[in-house]
Amino acid sequence: MIRVNENYAKLQSSYLFSEISKRVQAYQSANPDKRMIRLGIGDVTEPLPPACIEALHKAVDDMAARSSFRGYGPEQGYDFLRSAIALNDYKARGAEIDADEIFVSDGSKCDTANIQELFADKLTIAIPDPVYPVYVDTNVMAGRAGRHVQGRYKGLVYLDSTEANGFVPDLPESPVDLIYLCFPNNPTGATATRAQLAAWVAYAKANRALILFDAAYEAFIRDPALPRSIYEIEGARDVAIEFRSFSKTAGFTGTRCAFTVVPKSLMAWNKKGEAVPLHPMWNRRHTTKFNGVSYPVQRAAEAVYSAAGKQQVKALSDFYLGNAALIRTTLADLGYSMTGGENSPYIWVNVSKDSWVFFDRLLKLAQVVTTPGAGFGRCGRGFIRISAFNSRENVEEAMLRLRKTMRA
Ligand code: PLP
């Protein structure tokens, strides 16, 4: 008899975005003349940078000639891309990461989801609240969480991110084995300082724990004092895996390219207490279950690191940060407190009431769609996430509507 993985039954339905779309649709069908502005989703709106388009076209032409055609490439990614990443994202910032420690993939969602396969069934896992839901759900699927009670799974250690700690969680009070961190954060937009990351690295070292550091939004960091990579922190090579994506950096959400860094010095332990390097394990997993990102897409990603590409990619994130600044100014004028939006495309607004109630108010009074914070975890109740991913015209119009209707 074929049996199912009963852990799936513990998963909460992906209530957040389906509930948002249900409410938006209901309002829209009752008010067909109203134009909605969606500042809820985390998808980009601007097209790919010209340097990437040019590289894509050229790579497509390569595929058309026998002499330059490429079939299966190396599963870990072509060396031209891995070397460009190592040089520009790491060595240029003083982080010692080699090209062969970089695994190119088709997305950070898959990588942050799949990485937990490398670890034992029974682990104490620390997960921030609020959080990108993939970290929690994939551990639930793998059987590492208990029942869901009042918005939280039994057996997981939740790290509260609140106004009191500046949305950077404090170190756990009891020992944990695996720690998920994401900076700049989705959904709060908060960033972590060098000292804060150094404290986590020291914690991981002292507890033989491992940090999974999701840096999907690093391209939005403008404050030069903030680290863009955990490997800018001394000792992080021995305790952290980092995830990066071209999705938000260069508008690749529909093109798909990302990478994961597993340093060769990174160890976990077997039940005898012997150190086991994770690099060969992830290499084995990647080469067994993944057949590489397409050649044209890797060429497009490589173009992000060309002189023109760097400029264009910066202009893209500058554009979204310009939207974020408009959103911040408007909300501050209206009397709201918030975090994010300065080194991040997300603004996390304290609405001092149930986030769904506020969501409905915004929808009905201003026809602006946001994301209720409660959907990202218990600590998100009382907050909404506003995304800066939209056209300038839409953001300006949305802010005008807010000014007319939403005084705090
Ligand atoms: N990590 C975080 C924190 C995200 O917000 C997202 C996407 O929204 C991802 C990872 C997924 O990125 P990708 O498009 O590379 O799968």
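The values are calculated or read from the model by the stated rules, or taken from the named source; none is laboratory data. Note that this is a predicted model, so its numbers are computed, not measured. Heads up, the Cβs are rebuilt from the backbone with ideal geometry, glycines too, and the neighbour counts pull from every protein chain shown.
Would you check if Ala113 is closer than 14 Å to Glu242 by Cα, modelled with pLDDT of 95 or more and of a type in the set (A, V, I, L, M)?
Spelling it out, Ala113 is indeed closer than 14 Å to Glu242 by Cα, modelled with pLDDT of 95 or more and of a type in the set (A, V, I, L, M).
Only one of Asn283, Asn343, Asn291, Asn323 is surrounded by fewer than 15 Cβ atoms within 10 Å (Cβ to Cβ) and touching a residue at least 24 places away in the same chain (Cβ under 8 Å). Can you tell me which? Show your work before the answer.
Numbers: Asn283 fails: surrounded by fewer than 15 Cβ atoms within 10 Å (Cβ to Cβ); Asn343 fails: surrounded by fewer than 15 Cβ atoms within 10 Å (Cβ to Cβ); Asn323 fails: surrounded by fewer than 15 Cβ atoms within 10 Å (Cβ to Cβ).
Checking each option against the conditions leaves just Asn291.
Condition first: within 16 Å of the ligand (Cβ to nearest atom) and in a helix (DSSP H, G or I). Can you find one or more residues in the range 273-287 that meet it?
Checked against the condition, which is being within 16 Å of the ligand (Cβ to nearest atom) and in a helix (DSSP H, G or I), the range 273-287 yields at least one hit.
Among the residues that make up the range 104-111, is at least one of them surrounded by 19 or more Cβ atoms within 10 Å (Cβ to Cβ), β-branched (Val, Ile, Thr), under 22 Å from Ala374 (Cβ atoms) and within 15 Å of the ligand (Cβ to nearest atom)?
no
Checking the structure you have, find out if any residue of the range 144-163 is in contact (Cβ under 8 Å) with a residue 60 or more places away in the chain, away from the ligand (no atom under 16 Å from the Cβ), outside any strand (DSSP E or B) and closer than 22 Å to Phe243 by Cα.
No, every residue in the range 144-163 fails to be in contact (Cβ under 8 Å) with a residue 60 or more places away in the chain, away from the ligand (no atom under 16 Å from the Cβ), outside any strand (DSSP E or B) and closer than 22 Å to Phe243 by Cα.
Kindly indicate which of Phe17, Phe69 is under 29 Å from Trp348 (Cα atoms) and either within 21 Å of the chain's Cα centre (by Cα) or not assigned by TED's automatic domain parsing to the domain that holds Ala398 (or both).
Phe17
Write out, first by first residue and then by second, each pair whose Cβ atoms fall under 8 Å of each other, whose residues are 6+ apart or on separate chains, and whose first residue, in the range 204-216, is at negative phi while the second is in a loop (DSSP other than H, G, I, E, B) and at pLDDT below 95.
So the pair list comes out as Asn207/Pro175; Ala209/Pro175; Asp214/Tyr132.
With the structure loaded, tell me whether Ala236 is surrounded by 23 or more Cβ atoms within 10 Å (Cβ to Cβ) and more than 16 Å from the ligand (Cβ to nearest atom) or whether it fails that test.
When the stated conditions are applied, Ala236 passes them.
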